[in-house]
Amino acid sequence: MDEVLKAVKERRSIRTFLKKDIPEEIINKLIDSIIWAPSAGNLQARKFYFIKNKEMKIKIAQAALSQNFISEAPLVIVGCVDKARIYPRYGERGVNLYAIQDVACSITNVMLVAHENGLGSVWIGAFREEEVAKIIGLSQNFRPVVILPVGYPANIPLPPSRVSKDEAVEFIE
């Protein structure tokens, strides 16, 4: 099987983490995966906060509708849209779509590189944006759009069912 497709199929959403630090060389790989993701007009209108501070992780977990497992991950990444960088070129569509897509591309890369290095992660979209922005101390230019806890999995769940190819894809010729 192709390595990337294998990683796509094997990666799972992980919500329980071992109390084990992530080595700096792996953190650097995660950062590279963010930087090398595609972006609209190559503006790279995104910023990522790598949070290791326990108190801050607890506050973020509370802002994420009390998803307390977030605070147990050794690393929490908050992906943000850089509105000031995208708006001048693409206006509201850039802010409300393109930059969010850019963050999504970066986070998908992080999830796959994390998996490749024995780490687990889970995409968190349910959170109070204004509260997370305040916890991190974001300026008005940045909008948090994803929280990603990352760490060594305490367990790996079985794969969930998927829709059939016919349900997922329709060819138009």
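Here are some notes:
- Residue check, residue 66 within 24 Å of residue 131 (Cα to Cα), loosely packed, with under 13 Cβ neighbours inside 10 Å and among the small types (Gly, Ala, Ser): yes
- The residue that is surrounded by the fewest Cβ atoms within 10 Å (Cβ to Cβ), among those in region 97-118 that are touching a Lys or Arg at 6+ places or on another chain (Cβ under 7 Å) and of a type outside the set (Asp, Glu), is 117.
- Looking at region 84-173, the helices (runs of 4 or more DSSP H) lying wholly inside it that each contain 1 or more residues that are within 22 Å of residue 52 (Cβ to Cβ) sit at 99-116, 129-136.
- Residues in region 132-173 that are in contact with an Asp or Glu (Cβ under 8 Å, 6 or more places away or on another chain) and among the charged types (D, E, K, R): 143 only.
- Restricting region 9-22 to residues that are closer than 19 Å to residue 109 by Cβ and not small (Gly, Ala, Ser), the residue that is surrounded by the fewest Cβ atoms within 10 Å (Cβ to Cβ): 9
- Given (1) touching a residue at least 40 places away in the same chain (Cβ under 8 Å); (2) within 22 Å of residue 53 (Cβ to Cβ); (3) not hydroxyl-bearing (Ser, Thr, Tyr), index of the condition residue 68 fails: (1)
- The number of residues in region 1-34 being among the hydrophobic types (A, V, I, L, M, F, W, C), in contact (Cβ under 8 Å) with a residue 24 or more places away in the chain and in a helix (DSSP H, G or I) comes to 7.
- Test: residue 37 is surrounded by 13 or more Cβ atoms within 10 Å (Cβ to Cβ), part of a helix (DSSP H, G or I) and either among the small types (Gly, Ala, Ser) or modelled with pLDDT under 95 (or both): no
- Residue 48 being touching a helix residue (DSSP H, G or I) at 6+ places or on another chain (Cβ under 6 Å), farther than 18 Å from residue 136 by Cα and hydrophobic (A, V, I, L, M, F, W, C): no
The values are calculated or read from the model by the stated rules, or taken from the named source; none is laboratory data. On a predicted model such as this, the values are computed, not experimentally measured, just so you know. Positions of Cβ are backbone-derived with ideal geometry, glycine not excepted, and every protein chain shown enters the neighbour counts.
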